[in-house]
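Chemist: Below is a structure I'd like to ask you about.
FYI, it's all coordinate maths here, none of it is from the lab. All values reported here derive from a predicted model rather than from experimental measurement. Every residue, glycine among them, receives a Cβ derived from its backbone with ideal geometry; neighbour counts consider all protein chains shown.
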Amino acid sequence: MSFKTDMFIMTGRGTPEDSVDKYKRDNRGKDLDKEWTYQEVWDELFSSGNVLPQPLTEAHRVVYCDADALVYRVSAACESRSVTTTVDGIDVEFPTRTLLKEYCVDVDVDYEDLVVIDKYVNEPVSHCLSTLKKSIRNIYKELNATHVIFFLGGSGNFRVDLPLPTQYKAARKNLHRPEYLKDCREFLNKYYDTYIIKGVEADDAVQSTCEHTVNNEKAYGIAWSLDKDYHVAMKQNRYYHPIDKEIVELSGGIGKLEIKGNSVKGDGLHWLLFQTMQGDPSDNYSPKPLFKVRFGEKSYLKHFKDFTNEKDLLLAWIDKWKELLPETIEFTVWNGTEAKHDWLSLANLYMKAPYMLTHPSDTTTFSDILDRYGVDYD
């Protein structure tokens, strides 16, 4: 696919700034149905010269955007949600279930006895796409970008097939998807530097391409991301958080753990090991049901936060992991098959969920990390 970064395309009515969208690309001839492999995207960005200049220089500022988060936020913002029900023969409507529950308390009605219906009202799709264009323009302006690369998730996410007790992200299957989500995806893919990536998550491509740019190119690379999993980076990296409006610099290495609000947060190896042992409810995986005793986030923080050496941290982590697990671990996989593990094979399995692939041929396992830091685990 061929892109011209200086292409100006007329977009219709509006202010002079709105009437010319200099961020659109000349995507004539682009196969809009194509799903790219991780390797194809890598080659297209860093070898072909079709999208990013070769070589990248100090003059270039490249943003790698988690477009799944972008299109979801935009399409959801253009949709009003409320809940409706009938109370004592009267139709009532509230913006949220919380407010409806408060009303039920006031009128002495049992909320659990009600039939509650979610109601969604959408603005015209043209308004939604206009919001998307403005959001893209803001990304360019806020980060002074010369190039923005958008990644959308496609088919075949390998994590979905991991033989875990619960299927990765299965809890999200029944979540409401905004009506214009598909329209936003198609619009982004048609008019901008967008890749629908298959086999891995868009997050993998966002983190790895940014990490490659930060560590191997002269250009300024930054990701646009909302995902806390980004913090598992063990090399220098950075991202822009669009809600907090701040650039987060990640130093990589062993990283750290800390309390923010009521939750444990962290980065580097510390955060990768935390997520491996504690799991992630939003992604629907956790080894904790397999533990012999309870070992929660605060206990984990207290036990591991003071380690400043990777090898010592890994040795302590292995000791605690073995202590928590039975000698032989058996469970039924989400697809109905039976699984049997020892402590090491289970660690290798669970680390695949939070670990972000750093390049197309990345096959790193927990065992590989132990080898990297000279940890004897036989």
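Chemist: Which value, in Å³ per residue, describes the convex hull spanned by the Cα atoms of the range 256-371?
Modeler: 123 Å³
Chemist: Further question on the same structure: In deg cm²/dmol and to the nearest 500, what is the mean residue ellipticity at 222 nm of the chain if only DSSP H runs of at least 4 residues count, each as -39500 (n - 2.57), divided by the residue total?
Modeler: Helices in the chain give a 222 nm mean residue ellipticity of -10500 deg cm²/dmol.
Chemist: So how much slack lies between Thr363 and Tyr140, counting 0.36 nm per residue of separation and subtracting their Cα-Cα distance, in nm?
Modeler: Extra length available between Thr363 and Tyr140 comes to 76.9 nm.
Chemist: Can you find, among Val148, Asn174, Thr209, the residue farthest towards the positive end of the dipole of the range 127-273? Put +1 on the C-beta of Lys and Arg, -1 on that of Asp and Glu.
Modeler: Most positive-ward Cα: Asn174.
Chemist: May I ask you to list the residues of the range 140-184 whose amide nitrogen lies under 18 Å from a point 7 Å from Cα along the Cα→beta-carbon direction of Ala339?
Modeler: Only 157-172 fall inside the zone, counting backbone N under 18 Å.
Chemist: Treating cross-link reach as a plain straight distance, find the lysines whose alpha-carbon is under 18 Å from the alpha-carbon of Lys22, omitting any fewer than eight places away in the same chain.
Modeler: Candidates past the 8-residue exclusion: Lys4, Lys133, Lys134, Lys141, Lys190.
Chemist: What number comes out for the charge environment of Leu357, summing +1 per Lys or Arg and -1 per Asp or Glu over other residues with Cβ under 11 Å away?
Modeler: Value of the local net charge: -3.
Chemist: In the Gaussian network model of the chain, springs joining C-alpha atoms below 10 Å, which of Thr213, Thr358, Thr332 carries the largest mean-square fluctuation?
Modeler: Between Thr213, Thr358, Thr332, it is Thr332 that shows the largest mean-square fluctuation.
Chemist: Add +1 for every Lys or Arg and -1 for every Asp or Glu among the other residues with Cβ under 11 Å from the Cβ of Leu52, and state the total.
Modeler: That works out to -3.
Chemist: No other cysteine beta carbon under 4.7 Å away is the test; run it over the chain and list who passes.
Modeler: So, Cys65, Cys104, Cys184, Cys210.
Chemist: On to the next question. So if each residue of separation counts as 0.36 nm, and I subtract the Cα-Cα distance between Val105 and Ser126, what length gain in nm does that give?
Modeler: 3.5 nm
Chemist: For the chain, build the charge dipole from Cβ charges (+1 Lys, Arg; -1 Asp, Glu) around the Cα centre, then report which of Phe187, Leu290, Val92 sits farthest towards its positive end.
Modeler: Most positive-ward Cα: Phe187.
Chemist: Now a separate question. Mind telling me which of Val160, Val83, Val92 comes out most flexible in a GNM of the chain, alpha-carbon contacts under 10 Å?
Modeler: Residue with maximal mean-square fluctuation among Val160, Val83, Val92: Val92.
Chemist: If a paramagnetic tag sat 7 Å from the Cα of Phe94 along the Cα-Cβ line, which residues of the range 66-88 would have the backbone N under 14 Å from that point?
Modeler: Zone members listed by number: 82-88.
Chemist: Further, regarding this structure: Of the listed values (1) 1.07; (2) 1.18; (3) 1.12, identify the label whose number matches Cα Rg over 2.2 N^0.38 Å calculated from this model.
Modeler: (3)
Chemist: Can you give the charge dipole size of the range 37-93 about its Cα centre, rounded to the nearest 20 debye, using +1 on the beta carbon of Lys and Arg and -1 on the beta carbon of Asp and Glu?
Modeler: Computed charge dipole of the range 37-93: roughly 240 debye.
Chemist: Need the C-alpha centroid separation for the range 136-204 versus the range 214-234, integer Å.
Modeler: One Cα centre to the other: 17 Å.
Chemist: Here is a further query. Only four residue types carry charge here, +1 at the Cβ of Lys and Arg and -1 at the Cβ of Asp and Glu. Report the dipole size of the range 49-188 about the Cα centre in Debye, rounded to the nearest 20.
Modeler: So the dipole magnitude of the range 49-188 works out to roughly 1060 debye.
Chemist: If we count GluC sites (Glu not before Pro) as exposed when they sit in a DSSP loop and have at most 10 other beta carbons within 10 Å, what is the longest stretch of the chain that avoids them all?
Modeler: Here the longest run is 59-326.
Chemist: Further question on the same structure: If the elastic network links every pair of Cα atoms under 10 Å, which of Lys173, Lys311, Lys352 fluctuates the most in the Gaussian network model of the chain?
Modeler: Answer for the Gaussian network model of the chain: Lys173.
Chemist: Let me ask something else. Is there a quick way to get the dipole size of the range 293-378? I mean about its Cα centre, with the Cβ of Lys and Arg at +1 and of Asp and Glu at -1; what is the value in debye to the nearest 20?
Modeler: Charge dipole of the range 293-378: 400 debye, to the nearest 20.
Chemist: Return the Rg/Rh value of the range 152-252, two decimal places, where both radii are evaluated on C-alpha atoms and Rh is the Kirkwood radius.
Modeler: 0.99
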